[in-house]
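Below is one structure, written out as structure tokens, with a few remarks after it.
The values are calculated or read from the model by the stated rules, or taken from the named source; none is laboratory data. All values reported here derive from a predicted model rather than from experimental measurement. When we count neighbours, we look across all protein chains shown, and the Cβ atoms used for this are built from the backbone with ideal geometry, even at glycine.
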Amino acid sequence: MYVAWEPQTGVASQGKSLDEALENIKEAIELYLEDPDAEIPKPINKITIATIKIKTP
């Protein structure tokens, strides 16, 4: 599972692949920006991708 988060808006999404997560976050941000009261985030140039392993019972 891949999770995407845009910190300035607080918008988050997920996908079964990195490409799906990125497509889903793009759609979620577009929906966020449709709100006339939405604050327009400032452009950022830093992207972080991290892989973590989680133990499950």
Considering (1) surrounded by 10 or more Cβ atoms within 10 Å (Cβ to Cβ); (2) at pLDDT below 95, say which one Gly10 fails and leave the rest. (1)
Restricted to the stretch 14-28 and to residues being of a type in the set (A, V, I, L, M) and closer than 21 Å to Pro41 by Cβ, the residue nearest to the chain's Cα centre (by Cα) is Ile25
If we ask which residues in the stretch 23-57 are aliphatic (A, V, I, L, M) and surrounded by 14 or more Cβ atoms within 10 Å (Cβ to Cβ), their number turns out to be 4
